[in-house]
Amino acid sequence: MMYGFAWDTSTPLAYAISILPILGIGLIVTLEATVCGFAIAMGVGLVFALLRRAKSRLITWPVGLIVEFLRDTPLLIQLFFLFYVLPQFGIVLPAFLTGALALGLQYSAYTSEVYRAGLEAIGRGQWEAATALNLTRAQTYRDVVIPQAIPRIVPALGNYLVSMLKDTPVLSVITVVDMLNLANLIGDRTFEYLVPLSLVGLIFLILTLGCSALIHVIERVLPKRGIALR
Amino acid sequence: MNPIIRFSNVTKRFGALTVLRDFDFEVKQGEKVTLIGPSGSGKSTVLRILMTLEPFQEGTLTLAGMPYHEPDGHGPFKAREKHLRQIRSHVGMVFQSFNLFPHMTVLRNVIEAPVRVLGLSRNEAECRAVDLLNMVGLADKKDHYPSQLSGGQQQRVAIARALAMRPRVLLFDEPTSALDPQLVGEVLGVIRSLAHEHDLTMLLVTHEMRFAREVSDRVCFFDKGQIVEQGEPERIFSSPEQPRTREFLASVLG
Amino acid sequence: MTWTQLLPNLIKGAEVTALIAVASTLLGAVFAFAAGIARVSGGRLLSAIALTYIEIFRGTSLLVQLFWLYYALPLIGISFDPIATGIFGLALNIGAYGAEVVRGALVSVSEQQREAAKALNFSGAHTMIHIVLPQAVIEMMPSFCNLAIQNLKDTALVSFISIADLSFHAQSLRNLTLQSVPIYTLTLLIYFAMALVIAAAMRWLENKLRRGAAFPKGAAS
């Protein structure tokens, strides 16, 4: 019995159906962590990308190193680092927020690359034409650069969103009660891991396939006429 | 009458490379001037400096009496953005590679800056745009995207786009160099018709010698960052005085 | 404990991590080529099997896969020791990603090359092994480099199935000494250093392959 739901281990199917509501509670946590983490990743990644376009090497070089470091080290250790080290500096966050922050920081390294590639794909000629037409920098970004960058950026961001979704189970290690955590708890109680773990796998599969399909739809409806994407 | 463009003692460097040294050059309002010369001689740089795409380090440059450098200006351009924008409002440019905005229709390419920068209403801007597209013979393509047009058509749209800002000075940076030979004619035709505009000052960098001879009031032969020889096209093409001009013309005219 | 006392302990874990990373990357490459080639020229059945494999392992979470292999499979009578399970699980996962890279690169080899091979009456297998693959492998290298680093990072998860890798050692040291800052900083730095080594090795391999492609063995000498 968990969250008021009892399980029925008489047959695998009955077992699966009976624990589905419990896993549903974990699914919500999983989705919340993904959404929060991705919002952080999109924001911090943008800051990194813009800093890496700065003129001074005193800025671009350290930022490049930080991005590289975030990208090349395991999420798990970054998560432990934040979880155990932040409180030593007086920053005590709920486990969920620590988890979302770790996800966000790791993925900000990826999103910053996505932004950078998207911006760099816009040739110098476009900037020069905008200057020659006397558009302001803000107008150039809004009307010329960003509309051309978005169709390149969005699909790549979408792929990282799916990827982050699949990384959220790691948060269970810092006591975030996500789907995988619940499946393990159920397994510990019933001594039957196959069904809960398989069910979690299946739910992830449905989620990621659904997300991928959604990304394809978004890709198709994005206004990108005239833009050569390759 | 004061010249509309005046370079005096302008020096332009790219790192260690000096592209223009103590450059003096004047253009009168309404004058059509062609810059010819071997590639890398600094012709395009002159246009790019005028368009504020490149800064220069020394000397003074004025456009309609307005100096490019501000007395208290900072940064590579030694001027505030506001000041540069004021200068740019008098200048338009047509690029070698067209540089149309690929995500906008032909019409939107032409009205974008008049609406955003000049603050015209959309209707007014569209009326003007259609007139200009008519002039370049492409009004029927106004809802197409640049990628659906040939290079020659794209360049004609780019000319309409530059004209929509009503510049006093229009710069052409090798406008036909990126085109297939059979498409060069239609673009030159449009530029030729502009050459009849009395008030429009035109600076043209081109390798089309016959065309230069036909439309220019003055031809300047550039070499190594300096004007080696300049004068009326007839004289430059038929009896160049400088050996380097003769050499160059012999090599390009064959 | 001082930093210098922590380090040898962590290095011991790093050796296990290195072993697992290398073994699972190599095994993963085998899966990647098998599934990638099956997708491109494997016939309908093989292609469908490969697609199912790719979608399942790309579509679910690695940690779920590891738990499934570790906790669930033994219940239906299949069990390996943890290290083998870890290597196998990582390889299956990274192989699914690699398969997409292989497929993309194989498809990108130009149609002209295939037509030329057909005109010379090469067999399908000969065309794949001697014409298409050598060109495609070079295209795969940058993505393989990213995947190998991704896989290194993923090895941290094997600590969940009781393998004493770098992450496991870091975690037990922390529980022992409570010195979070030095332990996790060192751990992150060790992973970072390993990633840099992988990147350098992959670049070296890519350059070697590139030179090989430009000057085929027979022609060079």
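The values are calculated or read from the model by the stated rules, or taken from the named source; none is laboratory data. These numbers were taken from a predicted model, which means no experiment stands behind them. Virtual Cβ from ideal backbone geometry, glycine too; neighbours counted across all protein chains shown.
For this structure, a couple of remarks:
- For segment B:36-48, the criterion of being touching a residue at least 24 places away in the same chain (Cβ under 8 Å), crowded, with 19+ Cβ neighbours inside 10 Å, facing another protein chain (nearest Cβ under 9 Å) and of a type in the set (S, T, N, Q) is met by no residue.
- Those helices (runs of 4 or more DSSP H) of segment C:103-221 in which 2 or more residues are under 25 Å from C:I20 (Cβ atoms) occupy C:133-154, C:166-177, C:180-214.
- Residue ID - nearest to the other protein chains (Cβ to nearest Cβ), chosen from residues in segment C:168-180 that are buried (at least 17 other Cβ atoms within 10 Å of the Cβ) and without any contact (Cβ under 8 Å) to a residue 12 or more places away in the chain: C:S180
- The requirement of being hydrophobic (A, V, I, L, M, F, W, C), without any contact (Cβ under 8 Å) to a residue 40 or more places away in the chain and crowded, with 16+ Cβ neighbours inside 10 Å is not satisfied by C:A116.
- Flag for B:L100 being touching a residue at least 24 places away in the same chain (Cβ under 8 Å), within 14 Å of chain A (Cβ to nearest Cβ), within 20 Å of B:R218 (Cβ to Cβ) and not in a strand (DSSP E or B): no
- Candidates C:L19, C:L62: the one that is among the hydrophobic types (A, V, I, L, M, F, W, C), more than 21 Å from C:V107 (Cβ to Cβ), crowded, with 17+ Cβ neighbours inside 10 Å and within 19 Å of the chain's Cα centre (by Cα) is C:L62.
- Annotation note: of A:L97, A:L86, A:L103, A:L82, the sole residue that is assigned to a helix (DSSP H, G or I), in contact (Cβ under 8 Å) with a residue 12 or more places away in the chain and away from chain C (no Cβ under 14 Å) is A:L97.
- Scanning segment A:47-96 for residues that are of a type in the set (F, W, Y) and over 21 Å from C:A18 (Cα atoms) yields A:F48, A:W61, A:F81, A:F83, A:Y84, A:F89, A:F96.
- Filter pass, C:V64 being over 22 Å from C:S143 (Cα atoms) and in contact with a Lys or Arg (Cβ under 9 Å, 6 or more places away or on another chain): yes
- Taking first residues from segment C:147-167 that are free of Cβ contacts under 8 Å to residues at least 24 places away in the same chain and partners that are surrounded by fewer than 23 Cβ atoms within 10 Å (Cβ to Cβ) and among the aromatic types (F, W, Y), the Cβ contacts under 8 Å between residues at least 6 apart in sequence or on separate chains come to C:S159/C:F168.
- Failed item, numbered, when B:E174 is tested on (1) in contact with a strand residue (DSSP E or B) (Cβ under 8 Å, 6 or more places away or on another chain); (2) buried (at least 22 other Cβ atoms within 10 Å of the Cβ); (3) of a type in the set (D, E, K, R): (2)
- Just one of (1) buried (at least 19 other Cβ atoms within 10 Å of the Cβ); (2) farther than 24 Å from B:D173 by Cβ fails for A:A130. It is (2).
- Of all residues in segment A:190-206 being more than 8 Å from chain C (Cβ to nearest Cβ) and touching a residue at least 12 places away in the same chain (Cβ under 8 Å), the one that is nearest to the chain's Cα centre (by Cα): A:I203
- Meets criteria (under 23 Å from A:L135 (Cβ atoms) and basic (K, R)) for B:R156: yes
- Filter result for C:L196 (surrounded by 16 or more Cβ atoms within 10 Å (Cβ to Cβ), within 14 Å of chain A (Cβ to nearest Cβ) and within 25 Å of C:G86 (Cα to Cα)): no
- Any hit, segment C:11-20, residues being within 28 Å of A:A213 (Cβ to Cβ), at pLDDT 95 or above and not acidic (D, E): no
- Condition met for A:I77 (outside any helix (DSSP H, G or I) and either surrounded by 21 or more Cβ atoms within 10 Å (Cβ to Cβ) or not acidic (D, E) (or both)): no
- Annotation: B:L188 fulfils all but one of (1) without any contact (Cβ under 8 Å) to a residue 60 or more places away in the chain; (2) surrounded by fewer than 16 Cβ atoms within 10 Å (Cβ to Cβ); (3) of a type outside the set (S, T, N, Q); the unmet one is (2).
- Tabulated pairs, segment B:213-228, first within 10 Å of B:R244 (Cβ to Cβ), second among the hydroxyl-bearing types (S, T, Y) and assigned to a helix (DSSP H, G or I), C-beta under 7 angstrom, 6+ apart or interchain: B:F221/B:T245; B:V228/B:T245
- Within the option set A:A109, A:A129, being facing chain B (nearest Cβ under 10 Å) and aliphatic (A, V, I, L, M) holds for one residue only, A:A129.
- Subset of segment B:113-150 [in a helix (DSSP H, G or I), more than 14 Å from chain A (Cβ to nearest Cβ) and small (G, A, S)]: B:A139
- Restricting segment A:132-176 to residues that are more than 9 Å from chain B (Cβ to nearest Cβ) and of a type in the set (G, A, S), the residue that is farthest from B:F95 (Cα to Cα) is A:S172.
- Residue check, A:R152 within 30 Å of B:N109 (Cβ to Cβ) and surrounded by 16 or more Cβ atoms within 10 Å (Cβ to Cβ): yes
- Filter result (under 21 Å from A:G118 (Cα atoms) and assigned to a loop (DSSP other than H, G, I, E, B)) within segment A:1-55: A:R53, A:A54, A:K55
- Subset of segment C:87-112 [away from chain A (no Cβ under 14 Å) and not hydrophobic (A, V, I, L, M, F, W, C)]: C:G95, C:G98, C:R103, C:S110, C:E111, C:Q112
- Residue satisfying all of: in segment B:82-97; surrounded by fewer than 24 Cβ atoms within 10 Å (Cβ to Cβ) and more than 7 Å from every other protein chain (Cβ to nearest Cβ); farthest from A:T131 (Cα to Cα) among these: B:Q96
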